[in-house]
Amino acid sequence: MREGIHAGRAVYAAAPVVAALAHIGPAATWLPELRRRRFPGLAGQGRPDHVALTFDDGPDPRSTPHFLDALDALGVRATFFVLGENVVRHPVPARELARRGHELAVHGWTHDRPWLPAPARDVRRLLRAAHAVGEVAGRAPRWYRPPYGILTSGRWAAARRAGLRPVLWTAWGKDWQEDATPASVHATVAADLRGGGTVLLHDTDHACAPDSWRTTLAALPDIVGDCRRAGLTVGPLGEHGVAGADGVA
């Protein structure tokens, strides 16, 4: 009898640990080598002659218009993973993104870290964000990238509920750092830049070092130039031919 009681207590005590592991386990896909090897679709691997250019955290009326002008000058269209709260707060630059031919995707409602399980909240916020993005874009969004690239089981489920496909990245510029320079952002992207890859940059300092967007903006022509010198076209995820669903969760 006592053994049964002790076993029951052990199971009860372990339950929160098991729940936490189930919640955070899928976030291991944040590891670049793991997702490149095992989950190429989640990494954003697409056509070998194409590079998907993506920006996170906007829109921001101070910085996003500068990126729109720079992309126009380069003749490039990109995918912008926007935050629902920013779309509602700044609808004008959000609509301008769509008007200029860029693809809007969902980055969540706020830029938070999902350490504690909250599946109902995840669904509610992601549906709200997807609706806000669809309203300004004029069509339902297709892609989802969670803040910090942290995909919990709850956010996987919320993405399915919202009809969104999670996509992370194969190369980034680490442009959010305070000590980043145009040269460092360019070099960091170039180190992992390959045909079929997806590049992550930021068009705002919403969750980055103050004014870091200026560094990214200055690096942008060299990044696009590298792609073109390698014979690669640059465009949004919608033209990228992302590999089939990976079934991570």
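The values are calculated or read from the model by the stated rules, or taken from the named source; none is laboratory data. This is a predicted model, so every value here is computed, not measured. As a convention, Cβ positions derive from the backbone with ideal geometry for all residues, glycine included, and neighbour counts pool all protein chains shown. Heads up: the accessible areas ignore ligands, DNA and RNA and are worked out on the full protein's heavy atoms, side chains in. Shrake-Rupley method; radii C 1.70, N 1.55, O 1.52, S 1.80 Å.
Structure data summary
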item: The lone exception for Thr198 - which of (1) more than 19 Å from His107 (Cα to Cα); (2) of a type in the set (S, T, N, Q); (3) crowded, with 21+ Cβ neighbours inside 10 Å it fails; result: (1)
item: Hey, Gly41 under 18 Å from Gly235 (Cα atoms) and at pLDDT below 95 or not; result: yes
item: Per-region count, region 63-73, residues open to solvent by less than 10 Å² (accessible area, probe 1.4 Å) and either under 23 Å from Ile150 (Cβ atoms) or small (Gly, Ala, Ser) (or both); result: 1
item: Test for Val76: is it open to solvent by less than 30 Å² (accessible area, probe 1.4 Å), assigned to a loop (DSSP other than H, G, I, E, B) and touching a residue at least 40 places away in the same chain (Cβ under 8 Å); result: yes
item: Residue in region 186-208 that is in a loop (DSSP other than H, G, I, E, B), on the phi > 0 side of the Ramachandran plot and touching a helix residue (DSSP H, G or I) at 6+ places or on another chain (Cβ under 8 Å) present; result: no
item: Filter pass, Val133 being closer than 14 Å to Asp57 by Cα and part of a helix (DSSP H, G or I); result: yes
item: For Gln177: the one exception among (1) open to solvent by less than 10 Å² (accessible area, probe 1.4 Å); (2) out of contact with any Phe, Trp or Tyr (no Cβ under 6 Å at 6 or more places or on another chain); result: (1)
item: Among residues of region 44-62, those that are surrounded by fewer than 24 Cβ atoms within 10 Å (Cβ to Cβ), closer than 12 Å to Thr204 by Cβ and touching a residue at least 60 places away in the same chain (Cβ under 8 Å), counted; result: 2
item: Residues of region 201-244 satisfying the condition of being open to solvent by less than 50 Å² (accessible area, probe 1.4 Å) and of a type in the set (Asp, Glu); result: Asp203, Asp205, Asp226
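Every residue, every condition in (1) modelled with pLDDT under 95; (2) more than 13 Å from Ala43 (Cα to Cα); (3) out of contact with any strand residue (DSSP E or B) (no Cβ under 8 Å at 6 or more places or on another chain), yes or no:
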position: Thr188; (1), (2), (3): no, yes, no
position: Thr198; (1), (2), (3): no, no, no
position: Asp211; (1), (2), (3): no, yes, yes
position: Val224; (1), (2), (3): no, yes, no
position: Gly231; (1), (2), (3): no, yes, yes
position: Ala243; (1), (2), (3): yes, no, yes
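Condition check ((1) of a type outside the set (Gly, Ala, Ser); (2) open to solvent by less than 60 Å² (accessible area, probe 1.4 Å); (3) outside any helix (DSSP H, G or I)) across all residues:
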| site | (1), (2), (3) |
| --- | --- |
| Glu85 | yes, yes, no |
| Leu97 | yes, yes, no |
| Gly108 | no, yes, yes |
| Gly154 | no, yes, no |
| Ala157 | no, yes, no |
| Leu168 | yes, yes, yes |
